[in-house]
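Bear in mind these aren't lab numbers, they're just calculated from the coordinates by the rules spelled out. Nothing here was measured: the structure is a model prediction, and the numbers come from that model. Neighbour counts run over all protein chains shown; Cβ positions are idealised from the backbone, glycine included.
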Amino acid sequence: MIKPAVFMDKLRSGRRPLPRKRRIALAAILIVLLAAALDYSFYPSMMKFQGPSPDHGENGLWIRYKWYFGEERDYTALSKRLLNEHIRYAYFHVRFVGASGNLRFRYPDQAKALLTAVGAQAPGVKRIAWIYAGNDNGGGSVVLSNKVARAKMVSEAAWLCNTCGFDGVQWDYEICADGDKDLLALLDETRKAIPAGKILSISSPLWMPSHKLAWSDEYFQQVARRCDQIAVMGYDSGMWWPRAYDKLMQEQVSHVTTAAVVNPNCRVLIGIPTYGKGGPSHNPWAENIAVALHGIREGYKSPSVNRSQFAGVAIFADYTTTSEEWKTYERFWLNK
C-alpha cells in the first residue's frame, strides 16, 4: 500500500508546469481583478473635492405629495430648510395624470395654504408643481399622441398655475424615448397655456451615447428650446461602478449645458440621488450623493461646459434624504 505522502510526491512530480505565457496571462487577470475590486471598494472614500463648489444658490428639491395633500403642514420647518440648503426650486409632487389627461388628485385649498406660507417664509423660492405622466413603459396609461388627452393635460397645468398659484409646472413624462415628438408638442402647448412668467420645467432622462432609455444632444436641444428649465434625473443609470457613475455625472454637466445653449434662458440642474433601495438600475454604493456631487464638480471644470446655463443640483428626494446625506451636501456642495 502506497503511503499518502509518497502518493502526493508522485502526483506533484507528474504535473506538467503551465506554459510561461499562460502563467503570465493568469497573473495579469488576477492583478486586474484585484485592482477592480479595490477600486470598487475604495473609490468613494478616495475621492478628492478640489477647488470651490459651483453652487449658485439655485438648487432644486423634489418634495413628497403629502405637502400638496395637506398631510404635512410644518411650513416653517420646510421654509427654513429650503433657505438653509440654498434651494431655489421646490418641486411639489401633485401626483399624476391618467389616460384621460385628468389630474388624479385636486387639492386647491391645501395647495393655496402651502404656497402662501412658503411664499411668505421663503421668498425667492420657486414653488413648482411636479406632475408625473407615466406611459405603458413607466407604469402609467398616458398616450401623448392622443391630442384630446394631451389638451386636458395642458389645461391641468394651467389650472395648477392659475387656480392653485404654483410658480410653474414640471412635466415628469416617463419613460420618454429619444426624439419623442409628442413630448415636444406637449411642451409647446403648455407654454402657450400657462401665464407669462410661469416656469416650464421638465425632468429628463440622462444623456448617454446610443442608449434607448437616454437622450441625445440633438433631442436635449429641441427640449431646451421649449423650456425654462431641464432637471436631469441623474440616477437609475444602471452604472454599478462608482467610478463609471462619477464619469457619467461629469458628462451630464458637459453635454446638457452645451445642448441648452440654443436657449440662453434655459437653466440646467443635475438631479442627484439620496435613496437606498431601488431596482436593478440603481446601486446605492455607486449612485449616491457623494459620488454624484464629485462627478458634477469635476464636470463643471471641463472647458466644454456652458457655465452660463448651469443652475445647480436637484436632490431626489426630500423624504429619502438622511441627516448624514444633508451633511454631505452641505460640506461638498454648499461649502459649509
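Given the options P284, I29, H294, identify the residue whose Cα lies farthest towards the positive end of the charge dipole of the chain (+1 on Cβ of Lys, Arg; -1 on Cβ of Asp, Glu). Checked the options; the winner is I29.
Directionally averaged projected area (the stretch 90-200, Cα convex hull): 6.6 nm².
Label separation (A99 vs A37): 5.3 nm, computed from points 7 Å beyond Cα along the C-beta direction. Arranged from fewest to most other beta-carbon atoms within 10 Å of their beta carbon, C161, C266 become C161, C266. Cβ crowding within 10 Å, taken as a proxy for footprinting-reagent exposure, orders L61, L30, L187, L114 from fewest neighbours to most as L30, L187, L61, L114. Close amide-amide hydrogen proximity is noted between I272 and G234, A314, I315, F316, each under 5 Å apart and 5 or more residues distant or on a separate chain (H modeled in the peptide plane; Pro and chain starts excluded).
In this simple spin-label model, placing a label point 7 Å from the Cα along the Cα-to-Cβ direction at both D74 and T116 gives a separation of 2.3 nm. Report the percentage of all Cα-Cα pairs in the chain whose separation exceeds 28 Å, rounded to a whole percent. Here the long-distance tail beyond 28 Å is 46 percent of all Cα pairs in the chain. To the nearest ten degrees, helix 242-259 and the longest principal axis of the Cα atoms of the chain are 40 degrees apart. Go ahead and set up a Gaussian network model of the chain, Cα springs under 10 Å, then flag whichever of E71, E189, E58 fluctuates most. So, out of E71, E189, E58, the one fluctuating most is E71.
Between the Cα long axis of helix 4-14 and the first principal axis of the chain there is an angle of about 80°, rounded to the nearest 10.
Classify the stretch 26-171 from the C-alpha gyration tensor, please: rounded if a/c falls under 1.5, else prolate or oblate depending on whether a/b exceeds b/c. It comes out oblate by the Cα gyration axes. Look at D172, D55 and count the other Cβ atoms within 10 Å of each Cβ; fewest to most, that gives D55, D172.
When the chain is treated as a Gaussian network with alpha carbon springs shorter than 10 Å, the biggest mean-square fluctuation among R106, R20, R73 belongs to R20.
Suppose we look only past 20 Å in the calculated P(r) of the stretch 195-306. What percent of the Cα-Cα pairs does that tail hold? Please report the intermediate quantities before stating the final value.
Numbers: 2363 of 6216 pairs.
Summing the P(r) of the stretch 195-306 above 20 Å gives 38 percent of all pairs.
Taking a ≥ b ≥ c as the square roots of the eigenvalues of the Cα gyration tensor of the stretch 9-88, is the shape rounded (a/c under 1.5), prolate (a/b larger than b/c) or oblate? Note, shape of the stretch 9-88 comes out prolate. Taking amide H positions as modeled 1.01 Å from N, with prolines and chain starts lacking one, the residues under 5 Å from I199 and 5 or more places away or on another chain are G168, V169.
Expressed as a whole number of Å, what is the distance separating the alpha-carbon centroids of the stretch 269-310 and the stretch 61-127? For the stretch 61-127 versus the stretch 269-310, the Cα centre distance is 24 Å. Comparing A196, A290, A129 in a Gaussian network model of the chain, where Cα atoms under 10 Å apart are tied by springs, the biggest mean-square fluctuation is seen for A196. Relative contact order of the chain, taken over Cα pairs closer than 8 Å and 6 or more residues apart, is 17 percent.
From the square roots a ≥ b ≥ c of the eigenvalues of the alpha-carbon gyration tensor of the stretch 63-123, which class results: rounded (a/c under 1.5), prolate (a/b over b/c), or oblate?
Details: a/c = 2.61, a/b = 1.92, b/c = 1.35.
It is prolate, given that a/c is not under 1.5 and a/b is the larger ratio.
Counting only alpha carbon atoms, the long axis of helix 217-226 and the longest principal axis of the chain meet at about 20°. Listed by chain and number, the aspartates and glutamates whose alpha-carbon sits under 20 Å from that of K80, ignoring those within fewer than 8 places in the same chain, are D55, E58, E71, E72, D167, D318, E324, E325, E330.
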